[in-house]
């Protein structure tokens, strides 16, 4: 798994600018030394492979992602926040992510050669030349500006590799009929950094819900992503991935969150 459950796109750009499933059958987590339940269950990998192959084969993908995450307050109490992303992808090298709603809205565009992030409420835009495919762009923008999407493992060219790299545990929990209006297979996967629980449509093989938590102790946030409005292989106009701006839009440079925070200090 990649750097899931660590960074969020909206907060990164802000710095640059300034549950048990309902099921009749469930599988307990494999115990140490229990050879009847391997730590990495082939049945869980089979479910992940099916959804990964479907997403990798799609020429275009669009979906909505409702995210929730917690951040500790000064007194240690967890505070919960929501954001919503409207995602449109065209393989191999185009992506648009619109984040409306709570907080400052933002718009991310990649047209195959240029990344632009537009903040309409402040009329600011950051632009960078980033030629390459989608995977290369996502890695470069994380390194350059700390930009990261919590659903990134489903966007890359090989979702299965992204999800299973470094796995230490994978097993099928059971089935649920309460998520996304469909019957889902519920899978738990972990590596040394992150625990994920994923609800995947039994018939359509599409992700419906993710709960993620950091494996390390401490105040790192947990997060949830709920997926809806899936559409695969729809027609998409090229201009869809061109960043919008106004005649008065001010262009600013990209910066990693920690760099932007340091620049603000006297």
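Read-outs: derived from the displayed coordinates by stated rules, not from any lab. These numbers come from a predicted model, not from an experiment.
A few comments on the model shown:
- Average Cα contact separation per residue, the range 39-120, under 8 Å, 6 or more apart, as relative contact order %: 18 percent
- Once C-alpha pairs closer than 8 Å and six or more residues apart are averaged by separation and normalised to the residue number of the range 63-174, the relative contact order reads 13 percent.
- Prolate/oblate/rounded call for the range 41-159, Cα gyration tensor, a/c under 1.5 rounded: oblate
- Shape of the range 129-239, Cα gyration tensor, a/c cut at 1.5: oblate
- Relative contact order (%) - criterion: Cα under 8 Å, at least six apart; region: the range 189-241: 26 percent
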